1. Check the straight Cα-Cα distances from LYS121 and name the lysines below 23 Å, setting aside those fewer than 8 residues away within the same chain.
2. Take each of the peptides 5-11, 55-61, average the number of other beta-carbon atoms within 10 Å over its residues, and list them starting from the highest.
3. Please state, as a whole number in µm²/s, the translational diffusion coefficient that the Stokes-Einstein equation yields for region 66-116 at 20 °C and 1.002 mPa s, with Rh defined as the Kirkwood radius across alpha carbon pairs.
4. Determine the dipole magnitude for the chain: charges of +1 sit on the beta-carbon of Lys and Arg, -1 on that of Asp and Glu, nothing else is charged, the reference point is the Cα centre, and the result goes in debye to the nearest 20.
5. Nearest 0.05, what FRET efficiency do ASP110 and ARG183 give at R0 = 25 Å with Cβ-Cβ as r?
6. Using alpha-carbon pairs under 8 Å, 6+ residues apart, how would you state the relative contact order of the chain in percent?
7. How do 128-134, 115-121 rank on mean C-beta neighbours within 10 Å, highest first?
8. Quick check on region 72-181: take the gyration tensor over C-alpha atoms, sort the square-rooted eigenvalues as a ≥ b ≥ c, and tell me if it's rounded (a/c under 1.5), prolate or oblate.
Amino acid sequence: DLGDAKVLSDRALYDLSDATIELPETLEHIGDLALYNCGCIEKVSFGKGLAHLGTDSFYHCVNLNVVDFGAEDCDDLGTTGAFRDTADDLRFRFTDTCTYIPSNLLVGVDPSELVISDTVKRIGKHAFKDYSGPNVLLPNGLESIAEEAFLDCTSLHAVSMTQSLVFVGRGAFDGCSSLEEIRYSATLSDLQPSDTFFRNT
């Protein structure tokens, strides 16, 4: 029983596979490899107070099939993400307290279901890099997309840039080979003349 714990340090529950674990929504810090190979975890819900999610923190949690991500402003992740090698039918949902999708969050993850709340305002660098899961629907209130956020994302078929969007980073949609439609109504005030973000679509 983790009670109202706020911190799980690096490797805190590493390779713990024969105990029932329920992670409290009070967690604010989850370290690197904190829950590596914890086969007993099937669902996690992150409250809006989650500020740090470590590299490979849920790596090889093969029965993890539901992630409700409600962090309001979580730190960017290392290049290997946090959820590699989880369940094949993983459902990943950004809830209505989430405002930022951290860099590299979905690296190595191709969920069976992806839901992004309209409360999401910003998407970090490489957040959907190499992603090939369900089609990504950008939220209506989105304001900023970091550079290479959707690099080589083969599950993006259409992009609607609404009036709320004010920044798109360099190479944000490069290599999105399935992208067929772009609806463009935003005023992208922070772009430089040399920037491009739809190469190799």
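What follows is calculated from the coordinates using simple rules that are stated; it is not laboratory data. Note that this is a predicted model, so its numbers are computed, not measured. We place every Cβ from the backbone using ideal geometry, glycine too, and count neighbours over all the protein chains shown.
1. Here the lysines satisfying the reach criterion relative to LYS121 are LYS48, LYS129.
2. My ranking of the peptides, most packed first, is 55-61, 5-11.
3. Details: Rh = 11.2 Å.
Estimated via Stokes-Einstein, D reaches 192 µm²/s.
4. On the way: 14 positive and 33 negative charges, 104 e Å.
Charge dipole of the chain: 500 debye, to the nearest 20.
5. On the way: r = 25 Å, r/R0 = 1.01.
So the FRET efficiency works out to roughly 0.50.
6. Normalised by residue count, the contact order of the chain is 12 percent.
7. Values: 128-134: 19.4, 115-121: 17.0.
Going from most to least packed, we get 128-134, 115-121.
8. Values: a/c = 1.35, a/b = 1.16, b/c = 1.17.
Rounded is the answer for region 72-181, as its axis ratio a/c remains below 1.5.
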